[in-house]
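One structure is given below, encoded as structure tokens.
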Amino acid sequence: MSKNPPRIVHRIIAFFKDTYLRGELIFAIDILLSLLASLIAIFGVKALAGTSFYSTRLLAVYLTAAVVSSVALFLLLRTFRIIIRHLGAQDVERFVGVVLGKGIVVLLALVVFGRYSKWALLIVVLDMLLTVVFLLGIRVTMILAYGRLNKQILDLYNKEPILVYDTTNKSVATPTRLRNSTHYEVVGFLTPYKAEDRLIIEGLPVYSFEKREQFERIVSRYGVKAILFARDSDARQEIDRLLPYCSSHDIKTLIVPNVDEMVEGEPLIHPRPVKIEDLLGRQEIVISLDEIKANFRDKVVMVTGAAGSIGSELVRQLVGFGIKKLVLYDNGETAMHNLRLELEDNFKGLDFVPLIGDVRHPERLDYAFRTWHPQIVFHAAAYKHVPLMEENPCEAVLVNVYGTQNVADKCVEYGVEKMVMISTDKAVNPTSIMGCTKRLAEIYVQSLGLAIENGEKEGKTKFVTTRFGNVLGSNGSVIPRFREQIAKGGPVTVTHPEINRFFMTIPEACRLVMEAATMSTGNQIFAFDMGEPVKIDQLARRMITLAGFTPDKDIKIEYTGLKPGEKLYEEVLATEENTLPAFHERIRIAKVRKHERADVERDTRQLERLARNVNIPELVRLMKQIVPEFISQNSRYQELDKELRQ
């Protein structure tokens, strides 16, 4: 049978999925059903008791009170606005309220007009029972009819049978969200532990597996094409067992999207393939959302490097905090254009300004600051690729050091409340040009903040620095690179079998940045808890397995050797540094060596001069003198280390 039914079938499905009865029609039907219940009750009791109590006046009083009360209560409780196919317990309570209200009003009317009797009371009780049965009965009938017809339509598709992993609350709720899917049909639940025989949940059987053979038997017997995980943590739990099983049997591994991936107001979920980011992530970070919103509400916020991986995610989170205006500053034309289109499409009414500009140009920065007067600045603009910066140290200094100096100085000049600088774990005991330039930027920012704090320089700006490691999926990072190599059939290149890195998702890194920006008192360097480091070799192997291949068999892994300036192991805090607990369990305050403001200004001017003159040897020599812990690795600048030691 065709997997793509004719266009008319698609239209029918769309009609039943997206079309709802008009509220006016439902309102009219409910009034008629209420009136019908009253008539049946009256004439039913009349047939039972004879005409001893009956009169035309009683009929008029009763029906008038019944119709008027029904109209008023339907309008008051807006029952006609309830979507029938999504009828729930709270909706039933509203209908019960309508019926009780109708009965009370009718009884009062009968008493007032002298038509009350035991037979009249019986009519009211019967009327109430019939009304609730009619109102709910027609809705249940419509739901059943819709489900039956919808199932017949959807059966035209060759839907893939899938199993939902585990029987947690979220897992059990998943089949309901998938009931109208044109691609998947849930045939049961799969648990990693021993389940009771013939266990049924929500009408679906529960299958348990403890060994590979049990899993193979289940998927073979029922033709299972995919396993659906309701939570990231479930997929991580099966990273070394069920996921390899699925890969070896060509079974898809799917996951329910996170809340921020789902379409607002859409009851149907659209499973997506499990990605390596799902397996490396951790439990959701809890932040002080109310305090963060209060901190940013009605503020003008500027983001440098706004179109980059970190900058653009900062922007996406900022738009939900009720800010007054968002100033976007980046030198990438295409990336900025794409970000602009995204914001215009997804955040109607957002007041934002896209500026093409370079942090190396103080005049352009001055224009941005004097025109829009930002109150909070996130400085995410930087050169970040270690091997490239090792070959271009002058540009690394001009962007990462001089550019940061320009932004920080403008913040002070224009009275910015707080500047938040995005740094890196590579600034700790740096072994590369890039890492050292970020450490130099930290030194400049912190010394400027301390000078203001000590009254040595006029200003009010508070400076906050945040350090974290690699972010999953950022531009030019290892994960997109591995995906490209796997798609081409390999080989996947890893620099060293033992190399490891800390990883954090972009959204969680930005949430911690927001927390630090809100809670910091200023002039502090915050180091984020990145969890356990991940071996890049293991990462590559898992990505190959997730793609349905066998490492070293289908796709080879090649070791290319450490790149210039590259560390074998990353650090978040230098060994000389101590840390203090902060306001969040995932954030620590680094206690770093303080630098005299006069020395920092002198050194920064000298670095800029050497960089502009492209005097590379003297530039790197001065960097090593300012940051004595900067020891080059696998780099031509190691000769300078020997020279300085002597």
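The values are calculated or read from the model by the stated rules, or taken from the named source; none is laboratory data. Predicted, not measured: the structure shown is a model, and the values here were computed from it. As a convention, Cβ positions derive from the backbone with ideal geometry for all residues, glycine included, and neighbour counts pool all protein chains shown. Each accessible area value is taken on the protein alone, full model and side chains, heavy atoms only, with ligands, DNA and RNA left out. Shrake-Rupley method; radii C 1.70, N 1.55, O 1.52, S 1.80 Å.
Key figures
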quantity: The range 589-637 and the range 423-465: distance between their alpha carbon centers, rounded to Å; calculated: 13
quantity: For the range 158-238: rounded, prolate or oblate by the Cα gyration tensor [a/c cutoff 1.5]; calculated: rounded
quantity: Estimated Rh, the range 420-460: Kirkwood, alpha-carbon pairs, angstrom; calculated: 11.0
quantity: Cα-centred dipole magnitude for the chain, charges only on beta-carbon of K, R (+1) and D, E (-1), debye, nearest 20; calculated: 2200
quantity: Nearest-ten-degree value, helix 536-546 long axis tilted from longest Cα axis of the chain; calculated: 30
quantity: Over 18 Å between alpha carbons, listed pairs LYS488/LYS563; LYS438/LYS460; LYS410/LYS462; LYS159/LYS252; LYS535/LYS567; calculated: LYS488/LYS563; LYS438/LYS460
quantity: Listed peptides 384-395, 458-469 by packing density, highest first (mean Cβ within 10 Å); calculated: 458-469, 384-395
quantity: Mean shadow area of the range 373-517, taken as a quarter of the surface of its Cα convex hull (nm²); calculated: 10.1
quantity: Two-decimal Rg/Rh across the range 466-521, once Rg and the Kirkwood Rh are taken from alpha-carbon atoms; calculated: 1.13
quantity: Low-density loop cleavage sites - trypsin sites (Lys or Arg not before Pro) in the range 283-345, where at most 13 other Cβ are within 10 Å (DSSP); calculated: ARG297, LYS324
quantity: Peptide ranges 97-106, 430-439 listed from the most packed, as the mean C-beta count within 10 angstrom indicates; calculated: 430-439, 97-106
quantity: Ordering of 244-254, 508-518, 444-454, 107-117 by burial proxy (mean other Cβ atoms within 10 Å per residue, highest first); calculated: 508-518, 444-454, 244-254, 107-117
quantity: Descending principal axes extents, the chain, alpha-carbon based, whole Å; calculated: 120, 64, 46
quantity: The range 426-575 - percent of accessible surface contributed by carbon and sulfur, probe 1.4 Å; calculated: 49
quantity: Degrees, to the nearest 10: 362-372 long Cα axis against longest axis of the chain; calculated: 30
quantity: Acute angle (nearest 10 degrees) that the helix 478-487 long axis makes with the longest principal axis of the chain, alpha-carbon atoms; calculated: 70
quantity: Extreme residue, positive dipole direction of the range 398-486, given options SER477, GLY449, MET434 (C-beta unit charges); calculated: SER477
